[in-house]
Amino acid sequence: MAHSHIQQADELLDKQFDVLDHGFVRLVDYMGSDAAIVQAARVSYGEGTKKISEDRGLIRYLMRHRHTSPLEMVEFKFHVKLPIFVARQWIRHRTANVNELSGRYSIMKEEFYVPSGDDIRGQSEVNKQGRSDELAPEALRRRLVEYLNQSQRAAYESYHGFVDDGLARELARIALPLSLYTEWYWKIDLHNLFHFLRLRLDAHAQLEIRKYAGVMADMVRTVCPIAYEAFEDFVLNSVSFSGPELSVLKESLTSVIPTKDELVSQGLSKGEATELLGKLKRLR
């Protein structure tokens, strides 16, 4: 199979998409597309033996049934500039290849993240690890911004002073705050990238990392539009139920089950309609 080239995706390569106040995401390279997923799933077929509609049906089937190994045939390489505290959340996704800027070799730039006023909110009373929907009082927001600017400037001046005095860079950097920007190259296959996006596009994820995930999601949608559509339909915008929850639903649902034709008329494929009918019958 020839290397995939998608004009819209090629136009994204090396284009910088700004995130936060000093950050960005660049798509450095990609390998594969929707066609690569289909080719991997149909290893006994040659290219062009199936219609586009059948390819779409296959990708959606793979996503519905979590047959994800064909998705691993597609890879993305990103260049990302991000605050260190975002990087520490990001690096928990261990199924990627990472090469980060080193403060042992390089002089760190005087670039620190300061949240905009609209993003400064109080602690959520519902989500213990997140911020609320309500803005913090104006005086408190102003005090935080002033503190960040002053402390960041003082920390960087001390850091640079130690470096100028000959102290090892690996020691001088120790007191730099988590708001300092770092950079890395991050390469990952589509299956694991979808896992990253599922978690980091969620409303419970920290706002700053959600902004990066949103930019990357648009890039993925351009490279693999059919796979991304299936990801939205069967993962991102879906819900799952536990055994006890299914028992509650079974008691709540009426006995009226739509026909297959009715489900198809509502936008489901024949295969999707058949599978939904099977699920509904389990609840009767």
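FYI, it's all coordinate maths here, none of it is from the lab. None of the values given here were measured: they were computed from a predicted structure. Here the Cβ positions follow ideal geometry from the backbone for every residue, glycine too, while neighbour counts run over all protein chains shown.
Quick rundown of the values:
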quantity: Sequence of S269, S102 once ranked by neighbouring C-beta atoms within 10 Å, starting from the fewest; calculated: S102, S269
quantity: Degrees between helix 270-282 axis and first principal axis of the chain (Cα, 0 to 90, nearest 10); calculated: 90
quantity: Sequence-separation-based contact order of the chain, relative, with Cα cut under 8 Å and 6+ spacing, percent; calculated: 24
quantity: Helical contribution to [θ] at 222 nm, DSSP H n ≥ 4, -39,500 (n - 2.57), averaged over the chain, rounded to 500; calculated: -13500 deg cm²/dmol
quantity: Debye, to nearest 20: dipole size of the chain, +1 on Lys, Arg Cβ, -1 on Asp, Glu Cβ; calculated: 960
quantity: Extended-chain gain in nm, criterion 0.36 nm per residue less alpha-carbon gap, S106 and R142; calculated: 9.7 nm
quantity: Residue of A154, A36, A205 that the Gaussian network model of the chain assigns the largest fluctuation, springs spanning Cα pairs under 10 Å; calculated: A154
quantity: Rounded FRET efficiency, nearest 0.05, which uses the C-beta distance separating I257 from R66 and R0 of 22 Å; calculated: 0.30
quantity: Rg ratio (alpha-carbon, reference 2.2 N^0.38 Å) - region 242-284; calculated: 1.23
quantity: Rg over Rh, two decimals, region 118-178 (C-alpha only, Kirkwood Rh); calculated: 1.20
quantity: Separation between Cα centres of region 257-273 and region 115-186, rounded to whole Å; calculated: 52
quantity: For q = 0.08, 0.14, 0.15 Å⁻¹, Debye-computed log10 I/I(0) when each Cα of the chain counts as one equal scatterer; calculated: -0.49, -1.11, -1.19
quantity: Order of T259, T222 under a 10 Å beta carbon neighbour criterion, fewest first; calculated: T259, T222
quantity: Loop GluC sites (Glu not before Pro), region 115-191 (other Cβ atoms within 10 Å of the site Cβ: 15 or fewer; DSSP); calculated: E125
quantity: FRET efficiency, 1/(1 + (r/R0)^6) with R0 30 Å, evaluated for L13 and E54 via beta carbons; calculated: 0.50
quantity: Of K77/K128; K15/K109; K128/K250; K260/K281; K128/K279, pairs whose Cα-Cα distance is over 24 Å; calculated: K77/K128; K128/K250; K128/K279
quantity: Region 107-232 pair-distance distribution - Cα-Cα, 5 Å bins, rounded %; calculated: 2, 9, 14, 14, 14, 13, 14, 10, 6, 2, 1, 0
quantity: Between 0 and 90°, nearest 10: helix 207-223 axis offset from the chain longest Cα axis; calculated: 50
quantity: Gaussian network model of the chain, Cα within-10 Å springs - most flexible of A217, A227, A168; calculated: A168
quantity: Angle between the chain longest axis and helix 52-64 axis [Cα atoms, degrees, rounded to 10]; calculated: 70
quantity: Coordinate range along principal axes, alpha carbons of region 180-227, Å, largest first; calculated: 36, 26, 16
quantity: Per-residue Cβ neighbour rank within 10 angstrom, fewest leading, F194, F234; calculated: F234, F194
